[in-house]
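Trainee: Mind looking over this structure? Questions follow.
Just so you know, all these numbers are worked out from the coordinates, no wet-lab data involved. Because the structure is a prediction, the values reported are computed rather than measured. In this analysis, Cβ positions are derived from the backbone assuming ideal geometry, glycine residues included, and neighbour counts consider all displayed protein chains.
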Amino acid sequence: MQTDLTRRDLIGDLDFSKEEVETVLDVAFDLKRKRALGELHPILRDKTLAMLFFFSSTRTRGSFEAGMAQLGGHAAFIESKTTQIAHGDTPHEIGEIFGRYYDGIAIRHCDWGLGNRYINDVAKFSRSPVLNMQCEIYHPFQILADLMTIIEKKGRDLRRKKMVVSWAYAASYQKPMSVPQSLILQMPRFGLDVVLAHPPEFKLMPDIMDQAREQARKFHTGFEVVDDMEAAFKDADIIYAKSWGAMVHTADPDEGAKIIKKYEHWITDERKMALAKDDAIYMHPLPADRNIEVTDGVIDSAQSVVFDEAENRLHAQKAVMALTMR
Ligand code: CP
């Protein structure tokens, strides 16, 4: 079957089929090779992308903006607070109007219960593809970059490899649960046995858990949930440990913050990493709370692939933009 992703939105991880994700990966590796060789690739010459941010960013903004320039186009950085959205511009109007100005609309909106609905509402009225730069449910571009990185480090055949997706302690703020949710949706399709580890109060959204179990069944991979970080790390090939908030357990942010404090020992340190396989890799989407969520010794070690993950954001996003915004 020929893959045609022209004008397709990417909002949730399962919006693209496995075959379509494979095409994205093929294009991403090709664009990475072209950039390494200095081969120009102006696939989106004169095309424009709106990048609408309701929440701060380092990597997402930088990689989408650089990616559009490398593809021969332009990305406009738009912070919601500098627009008329607070004065009445609705998602309908943003979809209609930006869809006419731009060849793609990328949005980051992580507010609990609001972000995903906002992005879908814009998409309903946009004639251009809408790309989810992270909402409270999904972070699909992070996970495409993570998948690329795992393939680079562990090879294309990922069957029987154990990936731990673990909660980690961080008191700075209640972080979105979009990264672990997107990981458990996408990784089973590529053969990884996923072990999800978190304290009891840090459950993910029930609907996402059901979909992840369904993916694991469909692709004949393991999917296990445990409440013990150390037990999870044992003999793992891939450790992906990051913090997220207790939003499913409680809508009260003060109670959520109090609960987080009970689990200071959920830090990725050298002792826990030693429980994983000798050649295990450590992953984190960044930013990390250093020496709280993960020790310097782990994140700066030879096992850490965090900078490769950050780099692959660029290549994976360029691939999706090139395929959807033509
Ligand atoms: N990983 C990630 O999305 O980073 P930013 O929040 O800096 O964009």
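Trainee: Given springs between every Cα pair under 10 Å in a Gaussian network model of the chain, which of Met209, Met68, Met229 has the largest fluctuation?
Mentor: Met209
Trainee: Rg and Dmax of region 259-326 over Cα atoms: what are they, in angstrom?
Mentor: 15.7, 50
Trainee: How much length is gained on full extension from Val226 to Glu79, taking 0.36 nm per residue of separation minus their Cα-Cα distance?
Mentor: Contour length minus the Cα-Cα distance gives 49.0 nm.
Trainee: Moving on. What length, rounded to one decimal in nm, is gained on full extension from Arg127 through to Ile97, with 0.36 nm per residue of separation minus their alpha-carbon distance?
Mentor: Here the segment from Arg127 to Ile97 would lengthen by 9.9 nm.
Trainee: Right, something else. Please give me the summed charge of the neighbours of Ala106: other residues whose Cβ is under 12 Å from its Cβ, Lys and Arg +1, Asp and Glu -1.
Mentor: That sum, taken over residues with Cβ under 12 Å, equals -1.
Trainee: Could you work out the relative contact order of the chain, using alpha carbon pairs under 8 angstrom and six or more residues apart, expressed as a whole percent?
Mentor: 21 percent
Trainee: May I pose another question? Sticking with the crude label model, points 7 Å out along Cα→Cβ, report the distance from Glu270 to Gln2 in nm, one decimal please.
Mentor: 5.7 nm
Trainee: Then there's this: For the pair His87 and Glu19, what calculated FRET efficiency results from E = 1/(1 + (r/R0)^6), where r is the Cβ-Cβ distance and R0 = 51 Å, to the nearest 0.05?
Mentor: For Glu19 and His87, the calculated efficiency is 0.70.
Trainee: Related question: Give me the net charge for the shell around Ile94: Cβ to Cβ below 12 angstrom, other residues only, Lys and Arg +1, Asp and Glu -1.
Mentor: After counting each charged neighbour, the total is -2.
Trainee: Per DSSP H run of n ≥ 4, the term is -39500 (n - 2.57); total these for the chain, divide by its residue number, and report the mean residue ellipticity at 222 nm rounded to 500 deg cm²/dmol.
Mentor: -12000 deg cm²/dmol
Trainee: Using Cα springs under 10 Å in a Gaussian network model of the chain, which residue among Ala231, Ala28, Ala145 shows the largest mean-square fluctuation?
Mentor: Taking springs between Cα atoms under 10 Å, the residue moving most is Ala231.
Trainee: How many Å³ per residue does the convex hull of the Cα positions in region 67-213 occupy?
Mentor: It comes to 157 Å³ per residue, whole-number rounded.
Trainee: Moving on. Using label points projected 7 Å from each Cα along Cα→Cβ, tell me how many nm separate Lys277 and Asp300, to one decimal.
Mentor: 2.8 nm
Trainee: Also: Can you give the extra length, in nm with one decimal, that the chain gains between His249 and Arg213 once fully stretched, where that is 0.36 nm per residue apart less the Cα-Cα distance?
Mentor: 10.9 nm
Trainee: Kindly express, to the nearest 10 degrees and within the range 0 to 90, the angle between helix 306-324's C-alpha long axis and the longest C-alpha principal axis of the chain.
Mentor: The angle comes out near 30 degrees.
Trainee: Starting from 0 in steps of 5 Å, tell me what percent of the Cα-Cα pairs of region 142-309 lands in each bin.
Mentor: For region 142-309, the binned pair fractions read 1, 9, 19, 23, 22, 15, 7, 2, 0 percent.
Trainee: Moving on to the next point. Treating the angle as unsigned and between 0 and 90°, give the value, to the nearest 10°, between the Cα long axis of helix 206-218 and the longest Cα principal axis of the chain.
Mentor: Roughly 90 degrees between the two axes.
Trainee: Rg to Rh ratio, region 66-113, alpha-carbon atoms and Kirkwood radius?
Mentor: Over the Cα atoms of region 66-113, Rg/Rh equals 1.00.
Trainee: Evaluated at 25 °C with a viscosity of 0.890 mPa s, what Stokes-Einstein diffusion coefficient in µm²/s does the chain have when Rh comes from the Kirkwood expression over alpha-carbon pairs?
Mentor: 122 µm²/s
Trainee: If you don't mind, another one. Sorted by packing (mean other beta-carbon atoms within 10 Å per residue), highest first, where do 188-196, 163-171, 220-228 land?
Mentor: Ranked from most to least packed, the peptides come out as 163-171, 188-196, 220-228.
Trainee: Given a cut-off of 29 Å, name the pairs among Lys218/Lys261; Lys18/Lys318; Lys153/Lys318; Lys47/Lys242; Lys32/Lys218; Lys162/Lys262 whose C-alpha atoms lie farther apart than that in the structure shown.
Mentor: Lys218/Lys261; Lys47/Lys242; Lys32/Lys218
Trainee: Could you give the alpha-carbon Rg of region 1-59 over 2.2 N^0.38 Å, rounded to two decimals?
Mentor: Taking N as the residue count of region 1-59, the ratio is 1.38.
Trainee: Tell me the angle of helix 18-37 to the major Cα principal axis of the chain, expressed in degrees between 0 and 90 and rounded to the nearest ten.
Mentor: Long axis of 18-37 versus the principal axis of the chain: about 80 degrees.
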